[in-house]
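What follows is calculated from the coordinates using simple rules that are stated; it is not laboratory data. Remember, it's a predicted structure, so these values are computed and weren't measured experimentally. When we count neighbours, we look across all protein chains shown, and the Cβ atoms used for this are built from the backbone with ideal geometry, even at glycine.
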Protein chains: 2
Amino acid sequence: MKLEVNKRSNHVILASHTSLKHSDALPIQWGAKDPMVRGPVIASLTNSKARNAIGTHSGSYAVYRALSIASGKFSPTHIPDLHNTQSPIQLGPYPQWADAKKMVSIDPWGLDPQINFKPLFEKGYDIRPSIAVTQAHLQIPEIHQAIEAGRLKIDGNIVKENKDVKITKVALEPVWYLPGIAQRLGVDEGDLRRTLFQETGGMYAELITRPDLKVWLPPIGSTTVYIFGNPLDLAKPEIELTCRVHDKCNGSDVFGSDICTCRPYLMYGIEDAARTAQRNGVGIIAYYRKEGRALGEVTKFLVYNARKRQVGGDTAATYFRRTECVAGVEDARFQELMPDILHFFGIQKIHNLHSMSNMKYDAIVGSGIDVINRISIPEGLIPQDAQVEMEAKKAAGYLNIDEKKKTVEDLKQVKGRKIE
Amino acid sequence: MKLEVNKRSNHVILASHTSLKHSDALPIQWGAKDPMVRGPVIASLTNSKARNAIGTHSGSYAVYRALSIASGKFSPTHIPDLHNTQSPIQLGPYPQWADAKKMVSIDPWGLDPQINFKPLFEKGYDIRPSIAVTQAHLQIPEIHQAIEAGRLKIDGNIVKENKDVKITKVALEPVWYLPGIAQRLGVDEGDLRRTLFQETGGMYAELITRPDLKVWLPPIGSTTVYIFGNPLDLAKPEIELTCRVHDKCNGSDVFGSDICTCRPYLMYGIEDAARTAQRNGVGIIAYYRKEGRALGEVTKFLVYNARKRQVGGDTAATYFRRTECVAGVEDARFQELMPDILHFFGIQKIHNLHSMSNMKYDAIVGSGIDVINRISIPEGLIPQDAQVEMEAKKAAGYLNIDEKKKTVEDLKQVKGRKIE
């Protein structure tokens, strides 16, 4: 991409042609089995001639990196020392890694590129990881409670004597293969790119000017995965697998807000994942950064206010409508992209899926993964003010073990707390 | 901004001149006291002629909004129905709102624009909130434990009979006044804009082509503030104020990872904020989206691995160096921008600051807010594997109530767990 600045007129032309593509830039063949044939995703900025993707690493944190450079705190030519950063376990490659359609929102070869693209590192290419794996011990009050209540045992391996839970955790940053995203959504790639550019107010001109660059690293949040038991067992369909897919809700996950069931459901998923690992199965929790159904917290709080002030109070009957009035859409989470994370681990079958969401279920099963049992949140874990959320979701088609379907009049009776 | 697409050659020119600025676009006079003189920030996309800022709303979630439009699920012409979404309390305006230097990373007039810019709404301008205020009740296990241990009482108001904690919460999305950001960092505005553009791989050409547009809504995370007691008391220096400023750490805040002190410190801050409100003071917790010192989780996990594998083990002596080797910088959080959030609430004095960070303290005091007491995390709350973090920070100049300064040899003895 060529940037000319004409200081006299303050007029800048951004021009980028496919013919200007440099010979240093390596082609990417999405879905190729051999990583060296697939090619590395190079979104680093130390050598613009080698770039073969739009955007850069670390999602939203790219902005803070740029700020660091602007302030002089950070050298723009710094190349990471990846010595000793590699994963403690050898994940993959799985057949899904060689299927261009299975993963379009992450790059499986973004894990330990210093190993998989070693010859290119030796040639001086600046290739950055977009996936990292490490280990941890978790100290969670709800898990301590589950142990004290006898629901979870101390086994000395998964659950330690001091009640810590041993896990492996994986961070995955977004790498979007645009033709694949377009196909997943059932739209034309050119229309997708044009809309992404225009409807973000002009983010990344290369979405338009470089149709040859098929990969974009968007400035959105990463996904974190917590694994209980042997991560390599995730790919074995004969081993019992318990899974919760969770979209973050800061107000509940961190601060325990009683208007929703998010943290209780997450904690129950963790408990069950640990139990499954203790009986030689494997557990996985996938935590996505899609706050407020991917509408963000400002919209979320505006909707809460509108719900609590409406005539008739905050009822299950109007739960989704209030989001739609403020935001224009009920849900922007794109569960269609969610199963990519599961495919990265080679998952073929989920024995116990902790989710009430028909959208999540459909996306998982539609992507080719079998689901045996669907687990709802136990009634006793639902906070009082979250009954509105629960009843509204059940009425909208979310999983409802309770067979008797409620009427609109019933739903009007399920009321939340007012503004104080 | 004019976008021409020449389909035949696939060549696109993005040209934007200040002379093309439309008469519908209202000027912004940052720091003006009267909101109608200050002007609304218009980053919505339903009428491009009225735009007076770069980027668009909801931070990173702008990408999901664009995806929703591309997929046909969302109408690009939808205008939010803001009926009944207004704040339950009347915050501000405070003198700090009329000081162009006090807030450069948020827009105080982003709260309830439908009230403050009513005449413009009536003229058809599409102005969106960037701040929202609502209420909640929190159910937190550590708070229940504090009550059971007698450290926190049930008073029926702040802490309810059922141990819920009543709070007001505020979501603030980023709105950057670029000349102010430049000045805060001590750099030239043109250099800042050029670096932001280039070092994000070309995000938002208007950073270069529209030097007349001084406001940018970057695609980063929002900030959430939790208030215990009367939010209007925050602006009264004679009322005791307890404050924790917290940079998010998903691994600890949600999942309880024992390698760091984040959640324990946050919970202790919440406990103390509630106690302060009970004795007629006010408490505030400000939660920033700066994961892994604003380097992101992939870098964070890579650093964990390098720390745990190094010769000599994971010690306090090498804690910061490992981040620097991988990331190139120890810390990209820019605490210089953090006090803006405090100024929004009119804060002049903090009686109890829950933070050990010299960077946070310096930023707060440097911005003109007095700090009386600095509160460290109690020893008993520090997880075992987090001793490495604690000792490293104390040695680096973080607040250390322990007067005897440790030597490098001492720091090598503080060791963390290895990779299993």
Practice task
Output, in nm with one decimal and in ascending order, the distances from the B:Arg151 label point to the matching label points of the other copies (7 Å from Cα along Cα-to-Cβ).
Solution key: 2.4
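Hey, how much of the P(r) for the stretch A:265-313 falls beyond 16 Å, as a percent of Cα pairs? Can you show the working numbers first?
Numbers: 718 of 1176 pairs.
It works out to 61 percent of all Cα pairs.
Around B:Ala392, what is the net charge, scoring Lys/Arg as +1 and Asp/Glu as -1 over all other residues with Cβ under 12 Å from its Cβ? Display every interim value, and only then the final one.
On the way: positive: B:Arg307, B:Arg321, B:Arg322, B:Lys393, B:Lys394, B:Lys406, B:Lys412, B:Lys415; negative: B:Asp314, B:Glu330, B:Glu389, B:Glu391, B:Asp410.
Net local charge, B:Ala392 excluded: +3.
Stretched out fully, how many nm does the piece from A:Ile419 to A:Lys101 gain, at 0.36 nm a residue minus the Cα gap?
Details: separation 318, 0.36 × 318 = 114.48 nm, distance 4.70 nm.
That works out to 109.8 nm of additional length.
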Handout entry: Over the stretch A:213-318 - Rg/Rh using Cα atoms and the Kirkwood inverse-distance radius
Key = 1.10
Exercise for the section: Would you look at the GNM of chain B, springs on alpha carbons closer than 10 Å, and say which of B:Ile369, B:Ile147, B:Ile54 moves the most? Expected result: B:Ile147
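Set the Förster distance to 60 Å, then compute FRET efficiency between B:Asp191 and B:Asn280 from the Cβ-Cβ distance, nearest 0.05.
Numbers: r = 48 Å, r/R0 = 0.81.
Computed FRET efficiency for B:Asp191 and B:Asn280 comes out at 0.80.
To the nearest µm²/s, what D does Stokes-Einstein give for the stretch A:273-381 at 4 °C and 1.567 mPa s, using the Kirkwood radius over alpha carbon pairs as Rh?
Details: Rh = 16.2 Å.
Diffusion coefficient, whole number: 80 µm²/s.
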Problem - Taking only Cα atoms of the stretch B:136-180, radius of gyration then Dmax in Å - result: 16.4, 51
Handout entry: Length-normalised contact order for chain B - Cα pairs under 8 Å, 6+ apart - percent
Key = 15 percent
Handout entry: Over the stretch A:338-390, volume per residue of the alpha carbon convex hull, in Å³
Key = 88 Å³
Exercise for the section: Would you calculate the volume per residue, in Å³, of the smallest convex hull containing every Cα atom of the stretch B:51-137? Expected result: 156 Å³
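Filter the cross-link list A:Lys73/B:Lys393; B:Lys236/B:Lys394; A:Lys102/A:Lys360 down to pairs whose alpha-carbon distance in this structure exceeds 23 Å. Each step should come with its number before you reach the end.
Values: A:Lys73/B:Lys393 19 Å; B:Lys236/B:Lys394 32 Å; A:Lys102/A:Lys360 16 Å.
Listed pairs above 23 Å: B:Lys236/B:Lys394.
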Problem - Rounded Å value of the spacing that divides the Cα centres of the stretch B:344-419 and the stretch B:54-81 - result: 41 Å
Exercise for the section: Obtain the nm distance between the two label points defined at B:Asn157 and A:Glu379 by a simple spin-label model: each point lies 7 Å from its Cα along the Cα-to-C-beta direction. Expected result: 3.7 nm
Practice task
Return the single residue from A:Ala327, A:Ala205, A:Ala70 with maximal mean-square fluctuation; model: Gaussian network over chain A, springs between Cα atoms under 10 Å.
Solution key: A:Ala70
Practice task
Please identify, among A:Leu111, A:Leu138, A:Leu241, the residue showing maximal mean-square fluctuation in a Gaussian network model of chain A using a 10 angstrom Cα cutoff.
Solution key: A:Leu138
Practice task
Find every distance from the label point of A:Lys49 to the corresponding label point in the other copies (7 Å from Cα along Cα→Cβ) and write them in nm, one decimal, shortest first.
Solution key: 4.7
Practice task
Please identify the cysteines of chain A that lack any partner cysteine with a Cβ under 4.7 Å from their own Cβ.
Solution key: A:Cys243, A:Cys260, A:Cys325
Fill in the blank from the handout: Here, trypsin sites (Lys or Arg not before Pro) of the stretch A:251-342 satisfying both criteria (DSSP loop; at most 13 other Cβ within 10 Å) are A:Arg279
Problem - Selection of chymotrypsin sites (Phe, Trp or Tyr not before Pro), the stretch B:228-331, meeting DSSP coil and at most 13 other Cβ within 10 Å - result: none
Practice task
Mind listing the label-point distances from B:Ala396 to the same position on all other copies, shortest first, one decimal in nm, points 7 Å along Cα→Cβ?
Solution key: 4.3
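Taking the Kirkwood radius as the inverse of the mean 1/r across Cα pairs, report the Rg/Rh of the stretch A:170-212.
Numbers: Rg = 11.2 Å, Rh = 11.1 Å.
My calculation of the ratio gives 1.01.
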Exercise for the section: Report the dimensions of the stretch A:155-252 along its three principal axes from the alpha-carbon atoms, largest first, rounded to Å. Expected result: 58, 35, 20
Exercise for the section: Along each of the three principal axes of the Cα atoms of the protein assembly as shown, give the extent in whole Å, ordering the values from largest to smallest. Expected result: 70, 68, 62
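Taking the number of other C-beta atoms within 10 Å as the exposure measure, put A:Ser75, B:Ser355, A:Ser23 in order starting with the fewest.
Working: A:Ser75 12, B:Ser355 24, A:Ser23 7.
In increasing order of surrounding Cβ atoms, one gets A:Ser23, A:Ser75, B:Ser355.
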Handout entry: Residue-count net charge about B:Lys160 - beta-carbon cut-off 14 Å; Lys, Arg +1, Asp, Glu -1
Key = -2
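Where both residues lie in the protein assembly as shown, what percent of DSSP beta bridges are antiparallel, nearest 5?
In the protein assembly as shown, DSSP labels about 60 percent of beta bridges as antiparallel.
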Practice task
For B:Leu232 and B:Glu122, calculate 0.36 nm times their separation in residues minus their Cα-Cα distance, and state this gained length in nm to one decimal.
Solution key: 36.6 nm
Practice task
Mind putting together the pair-distance distribution for chain A? All Cα pairs, 10 Å bins, whole percent per bin, short to long.
Solution key: 4, 19, 28, 25, 16, 6, 1, 0
Problem - Computed P(r) (all Cα pairs; the stretch B:136-211; 10 Å bins; percent) - result: 16, 28, 10, 11, 23, 12, 0
Problem - Taking the convex hull of Cα positions in the stretch B:354-420, its mean projected area over all directions (nm²) - result: 5.7 nm²
Exercise for the section: Take the Cα pairs of the stretch B:59-108, get the Kirkwood Rh, then feed it into Stokes-Einstein at 20 °C and 1.002 mPa s and tell me D in µm²/s. Expected result: 149 µm²/s
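With an 8 Å Cα cut-off and a minimum separation of 6 or more residues, compute the relative contact order for the stretch B:295-420 in percent.
Numbers: 145 pairs, mean separation 42.0, N = 126.
33 percent.
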Practice task
Give the long-range amide H neighbours of A:Asp107: residues separated by 5 or more places, or on another chain, with amide H under 5 Å away, using H modelled in the peptide plane at 1.01 Å from N.
Solution key: A:Val175
Handout entry: Debye intensity ratio I(q)/I(0), log10, the stretch B:69-201, q values 0.10, 0.11, 0.14, 0.20 Å⁻¹ (C-alpha model)
Key = -0.60, -0.70, -0.94, -1.13
